[in-house]
Amino acid sequence: MERKMLEVKFYDSVDDSLLKFAVIVSQSNGKWVFCKHKERDTYEVPGGHREAGESILETAKRELQEETGAIRFDMKPLCVYSVTGKTRVNDMGEESFGLLCYAEITEFATELHSEMEKIVLLDELPEEWTYPLIQPKLIEKYLQMKNTIDFRLRA
C-alpha cells in the first residue's frame, strides 16, 4: 500500500523521456470506469507503465484496452502529473512522471485478459482506492479541466 507523504503535482508538459506511465480517467454512458485487481480488494483508475519503444499515447491506449477490455473509445491527453514519495512501484521516492488522459468508452470486450479481476461502472467514486493519495487527485484534476477546456472528443 501507499505510504504517507506523497506529493502530486501537475504540469502542462515535460520532456517525453520522463513519462514513465499513463493513467486514464474513464467513463462509459455517464458512469466512472474502475478496475479491480485480482490480488486486491480496492479499485483503481486504468493505467500502467510504458514499455520500450512505445509512445506514451500508445501506452495509454494499450493499458486501457488491457485493463478494461475497451474495444471502442475516444481518448484525450489532459496533462502531465508527477508523484514524489515512496510508493509500491517507486522504492526510491524520486519524482516520477505520467500522462493523465481521459477516455470515453463506448464498447467493452466480453472478457478481460489481464491482471484485473473485473471492471465496475459506478455512479459515484469508490471509497476503497488502491492509490488513495494519488488517484482521487487525478480525477479532481480531470473534473477541473473538463470545465475549462474544449472537451469534445473526436467522433
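Overview of results
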item: Filter result for the condition that a residue is more than 15 Å from the chain's Cα centre (by Cα) and buried (at least 16 other Cβ atoms within 10 Å of the Cβ), over Phe108, Phe97; result: Phe108
item: Scope region 34-67; condition out of contact with any Pro (no Cβ under 7 Å at 6 or more places or on another chain), surrounded by 15 or more Cβ atoms within 10 Å (Cβ to Cβ) and not charged (D, E, K, R); matching residues; result: His37, Thr42, Val45, Pro46, Gly47, Gly48, Ile56, Thr59, Ala60, Gln65
item: Entirely in region 11-63, the strands (runs of 3 or more DSSP E) that have 2 or more residues that are among the acidic types (Asp, Glu) and in contact with a Leu (Cβ under 8 Å, 6 or more places away or on another chain); result: none
item: Pair list, Cβ < 6 Å and 6+ apart or interchain, from region 25-42 residues that are more than 16 Å from Leu78 (Cβ to Cβ) to residues that are of a type in the set (Val, Ile, Thr); result: Ser28/Ile105; Phe34/Val120; Cys35/Ile119; Arg40/Thr130; Thr42/Thr130
item: Filter result (in a loop (DSSP other than H, G, I, E, B), out of contact with any helix residue (DSSP H, G or I) (no Cβ under 9 Å at 6 or more places or on another chain) and free of Cβ contacts under 8 Å to residues at least 60 places away in the same chain) within region 96-124; result: Thr110, Glu111
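Taken together, the values in this text are just the output of simple stated rules run on the coordinates, not laboratory data. Computed from a predicted model, the values in this text were never measured in an experiment. Positions of Cβ are backbone-derived with ideal geometry, glycine not excepted, and every protein chain shown enters the neighbour counts.
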